[in-house]
Amino acid sequence: MSLYELTAHALHEKLKNREITAVALVESIYARIAEVESHVKGYLTLTKDIALEQASHADAGFQKGDEMPPLAGIPIAIKDVICTKGVRTTCGSKILENFVPPYDATVMTKLHEHGVVMVGKTNMDEFAMGSSTENSAYQITHNPWNLDTIPGGSSGGSAAVVSADTAVCSLGSDTGGSIRQPAALCGVVGMKPTYGRVSRYGLVAFASSLDQIGPFTKDVTDCALLLNAICGSDALDATSVDVPVPDFTRGLINDVQGLKIGVPKEYFTPALDTEIADSVQRAIAVLESLGATVEEISLPHTEYAIATYYIIAPAEASANLARYDGVRYGYRNENPEDLIGMYKKTRSEGFGEEVKRRIMLGTFALSAGYQDAYYKKAQKARTLIKSDFDAAFEKVDVIATPTSPTPAFKIGERTADPLQMYLSDVMTTPASHAGLPGISVPCGFVQSGLPIGLQLLGPPFAEEKVLRVAYTFEQNTEHHRQKPKIQTNGVV
Ligand code: GLN
């Protein structure tokens, strides 16, 4: 196996034993980038100079025989919605084309303390609004399993680079599914931690009551390692929760005996692709054969999750995106007639179609006369969705569902139909409303060869339980070991 194919924990052993250097690892990743990135297009910015400098630093520690953290010297990619000091952070938007943050997000400060190596910043739907990464103002990212299909979104770049082995792992953000859905569609592990587990300081805000940062990795062990590095309360984020952060590797137990897994009947609708339904049922049967108890449960308000999400998220977005006025950040129209004209032209030219749609939806839902009918009602529905989960977790430890109702779809297939695009999130938004931790792990392939994801959800702050079920599934199956064969001739 080439170095770029290995997991972080396998690479750590080699770095520790000085079989390899972190600099050689960066070179291996960049050789892989040279080979496939022009086809995958997962990166918006590459930071090789920074990567080499950070790698040399890690190598110095390994050479001295210092006790090095598990992620020291490991090449990671960062979604372009996370502020990186001195490195352009666009959010996939033209309005932030030249924005260079003067500070690091808290997760970046933490990763630096762990000695990781930053490969680059990844492509995404503009301001994380989308399910296919086609809403990026810059480029379309291709799914490594089939270059004609989308990688999912909005963290499509972060999922694709891990799948294509152009990064060992990556960070994304998940508001309504943007880590779990692209992880499923690209055949990698992706986890949204409990809301409040990871500081949002320096994560450019989309919908603040839902946004969470989380990892994409090649396996569940790496996921636990990355969680160890990024979780924890932060005085700079008032919504980060002050609860002890466990060592998440304690959840890596290959045993599900005695655990109860709930399977919500509302997720197995006729709209669910039958190959996905079968594969997820088989995955649940594997867990049952390993000693878990499986029972059907009901989450009766599931059907309201999408409508609720597409009120609350745009409402919060319309407030959060008011700051892009051409005065303080990024793009500004050069020829305005007056101040109001400058605001109008800057925003009309700087934002893409989907972002404008969300701002209008959100402004409408919050406007006088409509606030009670839409926004307040959505908040009530959100509470009902959360109560469904609270009741379910009285009976079961973990909930298992498909991550996405369909496998990766063709590029362009849903761009003309926003509602169809919104329905991509039907399996991920309920847990977002409830702030729950959720992971997507590879659980099979449809006949055309595209990957399928199994979603596992737990009660708030029960990441260890979720990881335990995910790890047991992974240790007893081979799906996560499959790699895409990227067609480097043909489609570009
Ligand atoms: N697809 C959803 C949306 O467009 C979720 C995005 C996300 O989680 N950032 O809002």
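The values are calculated or read from the model by the stated rules, or taken from the named source; none is laboratory data. Computed from a predicted model, the values in this text were never measured in an experiment. All Cβ positions, glycine included, derive from the backbone under ideal geometry; neighbour counts span all protein chains shown. All accessible areas refer to the heavy atoms of the entire protein, side chains included, with ligands and DNA or RNA removed. Shrake-Rupley method; radii C 1.70, N 1.55, O 1.52, S 1.80 Å.
The residue pairs whose first member lies in segment 39-63 and is modelled with pLDDT under 95, whose second member is among the acidic types (Asp, Glu) and open to solvent by less than 30 Å² (accessible area, probe 1.4 Å), and whose beta carbons are closer than 8 Å, counting only pairs six or more residues apart or on different chains, do not exist in this structure. Screening residue 300 against (1) within 30 Å of residue 456 (Cα to Cα); (2) open to solvent by less than 60 Å² (accessible area, probe 1.4 Å); (3) assigned to a loop (DSSP other than H, G, I, E, B) leaves a single unmet condition, (2).
Considering only residues in segment 98-136 that are within 16 Å of the chain's Cα centre (by Cα) and hydroxyl-bearing (Ser, Thr, Tyr), the one that is farthest from residue 49 (Cα to Cα) turns out to be 131.
Looking across segment 220-257 at every residue that is small (Gly, Ala, Ser) and out of contact with any Asp or Glu (no Cβ under 6 Å at 6 or more places or on another chain), the one that is farthest from the ligand (Cβ to nearest atom) is identified as 235.
Total residues in segment 142-159 satisfying the condition of being within 16 Å of the ligand (Cβ to nearest atom) and either hydrophobic (A, V, I, L, M, F, W, C) or open to solvent by 10 Å² or more (accessible area, probe 1.4 Å) (or both): the figure is 2. With respect to (1) within 16 Å of the ligand (Cβ to nearest atom); (2) open to solvent by less than 10 Å² (accessible area, probe 1.4 Å), the lone exception for residue 217 is condition (1). Selection of segment 233-267 for residues being open to solvent by less than 20 Å² (accessible area, probe 1.4 Å) and either touching a strand residue (DSSP E or B) at 6+ places or on another chain (Cβ under 6 Å) or not in a loop (DSSP other than H, G, I, E, B) (or both) yields 248, 251, 261, 262, 263, 264, 267. Taking the criterion of being surrounded by fewer than 24 Cβ atoms within 10 Å (Cβ to Cβ) and under 30 Å from residue 410 (Cβ atoms), the residues of segment 98-141 that qualify are 134, 137, 138, 139, 140. Pairs meeting the criteria (first residue in segment 282-310 and without any contact (Cβ under 8 Å) to a residue 12 or more places away in the chain, second residue open to solvent by 50 Å² or more (accessible area, probe 1.4 Å) and more than 16 Å from the ligand (Cβ to nearest atom), beta carbons under 9 Å, at least 6 apart or on different chains) are 289/476. Of all residues in segment 183-196, which are more than 16 Å from the ligand (Cβ to nearest atom) and either open to solvent by less than 10 Å² (accessible area, probe 1.4 Å) or of a type in the set (A, V, I, L, M) (or both)? Those that are more than 16 Å from the ligand (Cβ to nearest atom) and either open to solvent by less than 10 Å² (accessible area, probe 1.4 Å) or of a type in the set (A, V, I, L, M) (or both): 188, 189, 196. Hey, does segment 163-173 have a residue that's of a type outside the set (Gly, Ala, Ser), away from the ligand (no atom under 15 Å from the Cβ), under 21 Å from residue 70 (Cα atoms) and under 12 Å from the mean Cα position of the chain (by Cα)? Checked segment 163-173: at least one residue is of a type outside the set (Gly, Ala, Ser), away from the ligand (no atom under 15 Å from the Cβ), under 21 Å from residue 70 (Cα atoms) and under 12 Å from the mean Cα position of the chain (by Cα). Of all the listed residues (180, 200), the sole one being within 16 Å of the ligand (Cβ to nearest atom) and either open to solvent by less than 20 Å² (accessible area, probe 1.4 Å) or within 19 Å of residue 443 (Cβ to Cβ) (or both) is 180.
Residue count for segment 106-138 satisfying the condition of being assigned to a loop (DSSP other than H, G, I, E, B) and within 16 Å of the ligand (Cβ to nearest atom): 12. Selection within segment 411-433: residues that are among the small types (Gly, Ala, Ser) and touching a residue at least 60 places away in the same chain (Cβ under 8 Å). The member of this set that is farthest from the ligand (Cβ to nearest atom) is 412.
Of all the numbered requirements in (1) more than 16 Å from the ligand (Cβ to nearest atom); (2) in a loop (DSSP other than H, G, I, E, B); (3) of a type outside the set (S, T, N, Q), residue 454 misses one, and that requirement is (2). Restricting the first member to segment 386-410 and to residues that are over 19 Å from residue 440 (Cβ atoms) and in contact (Cβ under 8 Å) with a residue 24 or more places away in the chain, and the second to residues that are outside any helix (DSSP H, G or I) and of a type in the set (Lys, Arg), the beta-carbon pairs closer than 9 Å and six or more apart or on different chains are 395/260.
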